[in-house]
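Asks: Structure provided below as structure tokens; questions to follow.
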Amino acid sequence: MNSQEAKEILFSYRPGVDDAKNPPIAEALHQLEHDPELAHWFAQLQRADDVIRRRLRELPVPFGLKQRILAEQKIARPDFGWRQPAVIAAAAAVIVLSVLSAWIIQRSASNGLNAYRADMVRYVSTSYSSTFIKATSFDELRQVLASRKWPTDFIVPDRLRSVTVIGGGAVEWKGHKVALACMKEGRHGLWLFVIDKSALSDAPRTETPRIEEVESAPTATWSQDGKAYLFTVQGNETFLRKYLPPTQ
């Protein structure tokens with residue numbers, strides 16, 4: 001069974017309702033253990049289904065609905081053979097559109113700026129020694145990144161040129177290459193991430209940094225020359241602003 005065949009089976013699979021021991025379903029579920037991309041797709045599908053179910057449960061029941069349904073049942077209506085299929089088709093279309101909308105929203109959120117920003121903050125908040133690149137300058141860091149076929153065409157903000165460079169990283173995020181520069185000022189760590197704007201569904205639109213706190217860490221995001229920049233520090237917003245353009 002290939003990934004496409006597994007997707008076709010898993011798309012209609014309902015955990016807790018359908019028999020997971022059914023041979024085709026069992027084989028498709030087994031495929032998840034060996035296919036990370038398929039497993040990620042299935043997890044997104046389940047989250048989208050959860051959103052739809054939750055939204056449906058939150059919908060209030062119209063007052064007097066039961067009485068109106070019972071009243072409708074007492075009225076004899078001629079059946080011309082087209083009404084029921086049309087209603088079914090319309091209902092099916094609504095369900096399909098709802099699922100697609102939830103899927104698009106979920107996909108956009110998972111590939112959006114908020115998800116990227118949170119993942120990168122978590123990345124530098126934990127140990128990343130296995131991917132750390134030692135360097136003592138931005139030029140040296142670029143040389144190492146270039147040797148690994150990683151993007152090096154990023155612009156270092158003027159106010160970061162005076163800090164101490166300690167290294168960086170060749171990071172991957174959802175299949176996209178991220179260049180990371182690691183710096184230090186006193187006891188504070190500073191990190192600059194650079195990714196192609198096209199990798200984010202809602203990348204920053206201007207060169208004006210936008211400040212936002214993520215998991216107690218101040219961050220600034222902006223775009224320049226087709227790249228999306230994310231800057232965060234080990235400190236507060238005042239410390240972060242020291243390294244942004246003076247007009248901000």
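Asks: If I go through segment 1-36 residue by residue, how many of them are among the charged types (D, E, K, R), more than 20 Å from residue 50 (Cβ to Cβ) and free of Cβ contacts under 8 Å to residues at least 12 places away in the same chain?
Replies: 4
Asks: To continue, here is another question. Any residue at all in segment 146-160 that's modelled with pLDDT under 90 and within 22 Å of the chain's Cα centre (by Cα)?
Replies: no
Asks: Could you please find all residues in segment 146-165 being surrounded by fewer than 17 Cβ atoms within 10 Å (Cβ to Cβ) and part of a strand (DSSP E or B)?
Replies: Result: 164, single match.
Asks: Mind checking whether some residue in segment 125-140 is in contact with a Cys (Cβ under 6 Å, 6 or more places away or on another chain) and in a strand (DSSP E or B)?
Replies: No.
Asks: Let me ask something else about it. Looking at segment 199-206, can you tell me whether even one residue there is surrounded by fewer than 16 Cβ atoms within 10 Å (Cβ to Cβ), out of contact with any strand residue (DSSP E or B) (no Cβ under 7 Å at 6 or more places or on another chain) and modelled with pLDDT under 95?
Replies: Checking segment 199-206: at least one residue is surrounded by fewer than 16 Cβ atoms within 10 Å (Cβ to Cβ), out of contact with any strand residue (DSSP E or B) (no Cβ under 7 Å at 6 or more places or on another chain) and modelled with pLDDT under 95.
Asks: So, one more: So residue 125 passes all but one of these: (1) modelled with pLDDT of 90 or more; (2) under 23 Å from residue 216 (Cα atoms). Which condition number does it fail?
Replies: Condition not satisfied by residue 125: (1).
Asks: While we're on this one: Return yes when residue 34 is open to solvent by 40 Å² or more (accessible area, probe 1.4 Å) and either under 18 Å from residue 174 (Cα atoms) or in contact with a strand residue (DSSP E or B) (Cβ under 9 Å, 6 or more places away or on another chain) (or both) and no when it is not.
Replies: yes
Asks: While we're looking at this one, here's another question. In segment 209-234, which residue that is assigned to a loop (DSSP other than H, G, I, E, B) and in contact with a strand residue (DSSP E or B) (Cβ under 6 Å, 6 or more places away or on another chain) is least open to solvent (accessible area, probe 1.4 Å)?
Replies: 209
The values are calculated or read from the model by the stated rules, or taken from the named source; none is laboratory data. Fair warning: this is a prediction, and the values are worked out from it, not measured in the lab. Cβ sites come from the backbone with ideal geometry, for glycine too, and all protein chains shown count toward neighbours. Surface areas here come from the heavy atoms of the whole protein model, side chains and all, with no ligands, DNA or RNA. Shrake-Rupley method; radii C 1.70, N 1.55, O 1.52, S 1.80 Å.
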